[in-house]
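These notes concern the structure reproduced below.
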Amino acid sequence: MIQARRRFFDSGAFDPLRDLILEKGLRPEALDLGNSTAPEPQASSLQPKAFPSILDCGCGEGALSGDLPGNVIGMDISKEAIRHATKRYKQATWIVANGMRELPIADRSIDFILSVLAPRNTEEFSRILKTDGKLILGVPGPNHLIELRTLLNANAGDFEEKANEAAAKCAPQFAETNRELLSYSQLLNCEQIADLIQMTPIFWTSATEAKTRVLELTKIEVTISFVLLTLVGRDPGSRLRDQESRLQQLKIKSSRKQSGRGPHSLC
Ligand SMILES: C[S@@+](CC[C@H](N)C(=O)[O-])C[C@H]1O[C@@H](n2cnc3c(N)ncnc32)[C@H](O)[C@@H]1O
């Protein structure tokens, strides 16, 4: 599957997604690091302060982040994916870890977190992101691969809702500041079709006959659609105040219970 993903990315079919991620600001000059007039650093004059730190959580084999400018850390639960990433992208740091557990990363140390088509650990993201850092989420957009899904009778649920669901899940810790839809048609040849089918979970459960029919196609034009969400951490002060007020309410409730003076016993 990893080989299939790599070939598919290398074929250029997802280049617009990669470009949009770069545009989102994962460039040193896009981040205000106290030296916003500094020119874009050249590889020969690396200045660590001018580079953002980027965590790609659920990075797969690193195709989206491996050659981003910056101090890139890629993390994935799959050893095989990370092995491929380390061989190909030498300047990044690659970690095999379960992104849904405590992350082996210091508090408030990351400028950008990238999470594309991967599980999201919003509490840990909130802990490790700098106060002015950004969380960038990539989810499938409306009609993503609709032509193939139709041929394979693969029901992927309502892709229209994916971005709203992602924003809602992050809402306790993060506020959405930008949402961008990327949608384009891509003509795929038979090798690309075969790779895409292998790398896309919604096709794994399709009926064998339907898959065979699709694999016999010599080409197909598909819609590729992603939504990229940019989020920022909510004001930690207000979060703390919320927590304190919830704690206060819990204390009041439990002291009422202990004294038998719940709201009803007052009447
Ligand atoms: C659909 S792939 C996306 C890979 C990459 N973000 C991209 O868009 O090219 C999902 C990735 O999430 C990883 N993953 C799934 N569960 C994970 C977890 N709990 N912790 C870290 N990575 C996880 C998988 O191993 C896989 O590489």
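In region 200-223, which residue that is under 24 Å from the mean Cα position of the chain (by Cα) and at pLDDT 90 or above is surrounded by the fewest Cβ atoms within 10 Å (Cβ to Cβ)?
Only one residue fits best here, namely T223.
Out of the residues in region 160-196 meeting the condition of being in a helix (DSSP H, G or I), over 19 Å from A13 (Cβ atoms) and among the small types (G, A, S), tell me which one is farthest from the chain's Cα centre (by Cα).
By that ranking, first place goes to A168.
Examine region 96-106 for a residue that is touching a Ser or Thr at 6+ places or on another chain (Cβ under 7 Å) and free of Cβ contacts under 8 Å to residues at least 60 places away in the same chain, and state whether such a residue exists.
There is no residue in region 96-106 that is touching a Ser or Thr at 6+ places or on another chain (Cβ under 7 Å) and free of Cβ contacts under 8 Å to residues at least 60 places away in the same chain.
Here are some residues: A175, A163. Which one is at pLDDT 90 or above and touching a Lys or Arg at 6+ places or on another chain (Cβ under 6 Å)?
Just a single option satisfies the conditions, and that option is A175.
Scan region 119-143 residue by residue and report those that are part of a strand (DSSP E or B) and either more than 16 Å from the ligand (Cβ to nearest atom) or of a type in the set (S, T, Y) (or both).
L129, K130, T131, D132, G133, K134
Given the conditions (1) closer than 20 Å to R234 by Cα; (2) within 13 Å of the ligand (Cβ to nearest atom); (3) crowded, with 21+ Cβ neighbours inside 10 Å, which single one is not true for D111?
Here D111 clears every test but (2).
Out of the residues in region 66-93 that are more than 10 Å from the ligand (Cβ to nearest atom) and part of a strand (DSSP E or B), state the one that is farthest from F112 (Cα to Cα).
It comes out as T93.
Which is over 21 Å from E23 (Cα atoms) and touching a residue at least 12 places away in the same chain (Cβ under 8 Å), of E176, E191, E180?
E191
In region 144-159, is there at least one residue being more than 13 Å from the ligand (Cβ to nearest atom), surrounded by fewer than 19 Cβ atoms within 10 Å (Cβ to Cβ) and in a strand (DSSP E or B)?
no
Of the residues that make up region 183-194, is at least one at pLDDT 95 or above and closer than 20 Å to L114 by Cα?
Yes, some residue in region 183-194 is at pLDDT 95 or above and closer than 20 Å to L114 by Cα.
The values are calculated or read from the model by the stated rules, or taken from the named source; none is laboratory data. Just so you know, these numbers come straight off a predicted model, no measurement behind them. Note that we place each Cβ from the backbone using ideal geometry, even for glycine, and neighbour counts take in every protein chain shown.
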